[in-house]
1. For ARG191, are the conditions met, namely being assigned to a helix (DSSP H, G or I), in contact (Cβ under 8 Å) with a residue 12 or more places away in the chain and away from ligand 1 (no atom under 16 Å from the Cβ)?
2. Among the residues that make up the range 246-261, is at least one of them among the small types (Gly, Ala, Ser) and either outside the structural domain of VAL390 (by TED's automatic domain parsing) or within 16 Å of ligand 2 (Cβ to nearest atom) (or both)?
3. Take residues that are over 26 Å from GLU402 (Cβ atoms), hydrophobic (A, V, I, L, M, F, W, C) and assigned by TED's automatic domain parsing to the domain that holds VAL384 and tell me which of the helices (runs of 4 or more DSSP H) falling wholly in the range 445-484 contain 3 or more.
4. Answer yes or no: is there a residue in the range 103-111 that is in the same structural domain as GLY31 (by TED's automatic domain parsing), among the polar types (S, T, N, Q) and not in a helix (DSSP H, G or I).
5. Looking at (1) under 21 Å from VAL525 (Cβ atoms); (2) touching a Gly at 6+ places or on another chain (Cβ under 9 Å); (3) surrounded by fewer than 19 Cβ atoms within 10 Å (Cβ to Cβ), which is the one condition that is false for GLY481?
6. Counting just the residues of the range 231-245 that are within 14 Å of ligand 1 (Cβ to nearest atom) and of a type outside the set (A, V, I, L, M), which one comes out surrounded by the fewest Cβ atoms within 10 Å (Cβ to Cβ)?
7. If you take the residues of the range 186-225 that are more than 16 Å from ligand 2 (Cβ to nearest atom), basic (Lys, Arg) and surrounded by 18 or more Cβ atoms within 10 Å (Cβ to Cβ), which of them is farthest from VAL264 (Cα to Cα)?
8. Identify, from the list VAL169, VAL174, the residue that is touching a Pro at 6+ places or on another chain (Cβ under 7 Å) and under 30 Å from VAL82 (Cα atoms).
Amino acid sequence: MIGGGVDLAFLAKVFGWITVAIGVLVCLGYGLWRFLATALRAAASAFTPRTPGSPDPRIAPHPGNEPAQPAYWAHQMWMDAVAAAQAAARTVRYLLVRHWLGEIVRRRLLNGRGGSSGARAGNGLGRLVLRLVAPATALAALLSALLAAALLLLVAVAFGAQLLLAGGVALAGVAGGRGAERLWKLVRGIRMKCPYPGCYRPFPLAVHLCPKCGAAHRELRPGRFGALRHVCRCGHALPTTALAGRRKLALRCPHCDKELPAAVGTTRVVHLPLIGGTSAGKTMLMAAMLEGLRSWSHESALTVEFASVADRREANTLARQLETSGWALKTQGGQPRALMLLVGRGRGPLGRRRLLYLYDPMGESLRDAATTRLQQYLAHADGVVLVADVLAALGVRRALHEGDGRLAEQARPADLGPVDTYAAFTGELQGLSGRRGRLGVAVVVTKRDVLDRLDSLPRPKDPVGAWLEKIGLGELVRILGHDFAASRYWAVSAHAATGAGALVPEQRRAAEPVLWLLSRTGLRVDGTPAAAREPRLPRPRRRSDTAAPDRSSL
Ligand SMILES: [Zn+2]
Ligand SMILES: [Zn+2]
């Protein structure tokens with residue numbers, strides 16, 4: 001039986017080779033492509049919505065407070081990629097183990113049934129052939145699965161590299177967008193600060209409100225919620241940079257949640273506190289300054305507008321008070337809300353603007369260190385308007401003759417002289433800001449209409465600094481000259497500049513200190529005195545009628 005044994009071995013060899021040949025042919029001719037196509041289709045379905053228009057269970061709602069969906073590239077893209085890879089791997093495994101080996105080979109071919117139809121062969125020979133084909137089919141399935149897995153791995157690596165590239169591009173967009181915005185803010189000198197009492201805090205990014213649903217977006221900048229735009233939970237797309245249109249959205253302070261003027265994120269803020277004793281004439285001077293700025297805006301390239309509706313309302317109330325009673329009510333409350341004005345030169349993208357915060361603190365609040373320290377806005381001051389009521393200085397009062405003394409008394413002098421007012425707050429200004437030596441101080445001598453009628457004193461005239469020395473306040477001029485980077489002096493009748501029968505030259509004169517301090521921040525407006533090298537001061541016009549005392553801050 002040796003020959004039979006050889007024959008059997010030979011037959012087994014032949015059968016083996018035929019099996020391998022059929023296996024390879026089936027694999028290359030059909031199995032591999034079937035595996036690849038099914039696995040790729042399964043992977044692709046991980047990137048498409050399951051039911052268009054309905055919520056997708058794969059997308060987990062964002063757990064944070066930001067009412068925006070994280071950007072696709074920041075999170076979901078990687079989830080989908082992993083899901084796709086898993087789907088492909090599961091498909092290959094299913095096709096191999098369950099479909100080919102389990103169903104076709106074991107349950108059909110080995111039982112003498114057709115591989116694709118599942119119908120049992122009619123005779124024994126047919127069933128034998130089907131059973132003999134089973135090993136080749138199993139081999140084809142194994143080969144197809146291995147080759148498909150190798151090719152899919154290559155596809156996955158290439159696809160992963162593309163995702164990395166896409167993620168990198170998105171991250172570069174985020175970095176570029178943030179960098180551009182930071183540079184733009186740096187060039188424009190934009191540092192956002194809250195104008196409201198009790199807050200006055202700086203913040204790098206305001207809270208933006210969705211125009212459609214009002215949701216508060218605290219992170220509306222290029223980042224994980226999107227490079228160019230964030231999609232609000234209501235579905236509305238919000239631009240992430242000021243340059244792309246974010247400036248049109250309503251703003252809130254991230255600390256105190258109060259409404260901010262739209263210009264706060266796009267315009268350099270200039271903080272100017274009006275410093276003076278109680279009844280020194282601060283509020284009335286502020287009203288005169290507003291009138292003066294408005295008047296200059298008619299004559300020059302200067303543009304002036306209220307930063308918000310609240311500011312317009314406040315200014316109108318003040319103007320009405322002056323119109324009816326002739327004086328302003330005393331500044332109330334512990335800490336002032338800044339009156340916000342948009343002051344600029346020219347319009348459009350080439351225009352230059354400043355968001356002017358004018359603070360009118362209550363005189364008493366600057367009398368000692370403890371209350372002055374509460375005036376946190378002093379830390380941001382870009383200059384100081386020192387409101388000087390010289391009639392409050394004891395030395396000046398002593399020099400007045402009897403009749404003049406009565407006039408001075410009627411003018412309700414401030415509680416503190418200018419030197420004492422300055423001394424009370426200056427230590428704190430230095431402590432709060434540490435940069436007094438770089439600031440300018442505009443000294444405005446108020447109640448000029450009264451001073452003009454006093455015979456005991458020389459008439460206040462330019463240069464007002466020299467006049468202050470003449471009436472015995474040289475010390476103030478010297479201290480200010482020493483403490484500040486620059487100091488300039490004006491004498492103004494806020495009374496003549498406000499209310500019924502206001503004088504335009506006096507109004508403009510009242511605005512000059514503000515224009516000068518603004519010019520120190522780089523805003524020089526052609527046609528205004530601050531633009532000229534030598535200040536072109538309008539000649540003061542005396543009021544012909546009997547001037548009432550300047551009773552501002554009453
Ligand atoms: Zn919304
Ligand atoms: Zn605030």
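1. When the stated conditions are applied, ARG191 does not pass them.
2. Checking the range 246-261: at least one residue is among the small types (Gly, Ala, Ser) and either outside the structural domain of VAL390 (by TED's automatic domain parsing) or within 16 Å of ligand 2 (Cβ to nearest atom) (or both).
3. Those helices (runs of 4 or more DSSP H) span 474-483.
4. No, the range 103-111 contains no residue that is in the same structural domain as GLY31 (by TED's automatic domain parsing), among the polar types (S, T, N, Q) and not in a helix (DSSP H, G or I).
5. Failed condition: (1).
6. Residue satisfying both the conditions and the ranking: GLY235.
7. For the range 186-225, the residue satisfying everything is ARG224.
8. Among VAL169, VAL174, only VAL174 is touching a Pro at 6+ places or on another chain (Cβ under 7 Å) and under 30 Å from VAL82 (Cα atoms).
The values are calculated or read from the model by the stated rules, or taken from the named source; none is laboratory data. Since we're looking at a predicted model, the values are computed, not measured. FYI the Cβ positions are ideal-geometry reconstructions off the backbone, even for glycines, and counts take in every protein chain you see.
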